[in-house]
Amino acid sequence: IMSSSRQITLARRARLSGHGVHSGKPVSIILHPAADNHGIRFLRTGLEGGHERLIAARHDAVSASELCTIIGDHESGAVSTIEHLMAAVYATGIDNLLVEIDGAEVPIMDGSAAPFIALIDRVGLAKQNAARRHLRVLKPVRVEKDGKFSELVPFTGGFRLTVEIDFPTALIGRQKKTLDLTAQSFRDELQYARTFGFLKDVDRLRQAGFALGASLDNTVAIDGDSILNPEGLR
């Protein structure tokens, strides 16, 4: 998104701590500048026996995507709930980054990408020597499951997103948004968007090991047609 033909990394190291929305466990991350062509990688520390594991944030490292995205695997080390951090990394134009993390789940913070954007802004960015490489979509690519779909189609005008959701509660209902995604439009319209969930699902999710760290501080809670968060929606 950042307009540069050269790769970009952080100007210096940055640290952030919180807890996982699903695990409820405390976790700290350190964002490290990384060399040209390094890509985005997670260094999972604190594994049994003092072991560490390096996991590339790539599609072929995804092991699960039910309620959160998980890269790596349970046996040798994994990192979950990477979505908001990855969105912030993309939105700020970072190509190369090492994310050191001492737990199994990225901290949820306030349930949005905004704290990660603020952290990156605080330490700044640095241009590198290597040229950026880009993927061009030459023909439609579509994935469907359970009546839902995602599709990539060729487009010459940048990166345009059209997203549609449909929920039975009148509070959400059917909504559709089209956005030309740039660094500025992400900051203006997306970075503060939060995770939401339904009160009726809480017991079921927690019995399955999810949402153990969810609260009104990091999740928009919906009960029927009411928002339970005192501050309402952003």
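Check segment 111-122 and report whether any residue there is polar (S, T, N, Q), in contact (Cβ under 8 Å) with a residue 12 or more places away in the chain and open to solvent by 90 Å² or more (accessible area, probe 1.4 Å).
no
Just to be sure, is A126 touching an Asp or Glu at 6+ places or on another chain (Cβ under 8 Å) and of a type in the set (A, V, I, L, M)?
Working: touching an Asp or Glu at 6+ places or on another chain (Cβ under 8 Å): no; of a type in the set (A, V, I, L, M): yes.
When the stated conditions are applied, A126 does not pass them.
Given (1) of a type outside the set (D, E); (2) in a loop (DSSP other than H, G, I, E, B); (3) modelled with pLDDT under 95, identify the lone condition not met by G197.
(2)
Answer yes or no as to whether F186 is of a type in the set (F, W, Y), farther than 23 Å from G24 by Cα and crowded, with 16+ Cβ neighbours inside 10 Å.
The answer is yes for F186.
Among the strands (runs of 3 or more DSSP E) confined wholly to segment 61-109, which include 2 or more residues that are open to solvent by 20 Å² or more (accessible area, probe 1.4 Å) and within 16 Å of L31 (Cα to Cα)?
Numbers: elements: 62-64, 70-73, 77-80, 97-101.
By residue number, 97-101.
Out of segment 40-62, which residues are in contact with a strand residue (DSSP E or B) (Cβ under 7 Å, 6 or more places away or on another chain) and either among the hydrophobic types (A, V, I, L, M, F, W, C) or closer than 19 Å to H84 by Cβ (or both)?
I40, R41, F42, L43, R44, L47, L54, I55, A56, A57, A61, V62
Quick one: would you say A11 is over 14 Å from M109 (Cβ atoms), surrounded by fewer than 20 Cβ atoms within 10 Å (Cβ to Cβ), in contact (Cβ under 8 Å) with a residue 40 or more places away in the chain and in contact with a helix residue (DSSP H, G or I) (Cβ under 6 Å, 6 or more places away or on another chain)?
Considered against the rule, which asks whether it is over 14 Å from M109 (Cβ atoms), surrounded by fewer than 20 Cβ atoms within 10 Å (Cβ to Cβ), in contact (Cβ under 8 Å) with a residue 40 or more places away in the chain and in contact with a helix residue (DSSP H, G or I) (Cβ under 6 Å, 6 or more places away or on another chain), A11 comes out as yes.
Give segment 138-167 a look and list any residue that's surrounded by 11 or more Cβ atoms within 10 Å (Cβ to Cβ) and not in a strand (DSSP E or B), or say none.
V153, F155, F159, F167
Taking A170 as meeting all but one of (1) in a strand (DSSP E or B); (2) exposed (fewer than 11 other Cβ atoms within 10 Å of the Cβ), write down the number of the exception.
(1)
Would you say H22 is modelled with pLDDT under 95 and open to solvent by less than 70 Å² (accessible area, probe 1.4 Å)?
It is true that H22 is modelled with pLDDT under 95 and open to solvent by less than 70 Å² (accessible area, probe 1.4 Å).
Filter segment 25-44 down to residues that are buried (at least 19 other Cβ atoms within 10 Å of the Cβ) and of a type in the set (A, V, I, L, M) and give me whichever is nearest to F159 (Cα to Cα).
In this case the residue turns out to be I40.
Kindly list, by first and then second residue, each pair from a residue in segment 60-76 that is more than 23 Å from K148 (Cβ to Cβ) to a residue that is outside any loop (DSSP other than H, G, I, E, B) and hydroxyl-bearing (S, T, Y), limited to pairs with Cβ atoms under 6 Å and residues at least 6 apart or on different chains.
That search, which allows pairs on different chains as well, returns D73/S63.
Among the residues of segment 119-137, which ones are under 16 Å from A91 (Cβ atoms) and either assigned to a strand (DSSP E or B) or basic (K, R) (or both)?
Correct list: R122, L125, R132.
What are the residues in segment 130-156 that are closer than 28 Å to T9 by Cβ and touching a strand residue (DSSP E or B) at 6+ places or on another chain (Cβ under 7 Å), if any? Let's see the steps before the verdict.
Filtering segment 130-156 for residues closer than 28 Å to T9 by Cβ gives 130-137, 152, 155.
A130, A131, R132, V137, L152, listed by residue number.
From R44, R136, R132, grab the single residue that is basic (K, R) and within 19 Å of the chain's Cα centre (by Cα). Spell out how you get there, then give the answer.
Numbers: R136 fails: within 19 Å of the chain's Cα centre (by Cα); R132 fails: within 19 Å of the chain's Cα centre (by Cα).
Going through R44, R136, R132 in turn, the sole match is R44.
The values are calculated or read from the model by the stated rules, or taken from the named source; none is laboratory data. Computed from a prediction, not measured in an experiment: that's the story for all the values here. Glycine gets a Cβ as well: all are built from the backbone with ideal geometry, and neighbour counts include every protein chain shown. Keep in mind that these areas ignore ligands, DNA and RNA; they rest on the heavy atoms of the full protein, side chains included. Shrake-Rupley method; radii C 1.70, N 1.55, O 1.52, S 1.80 Å.
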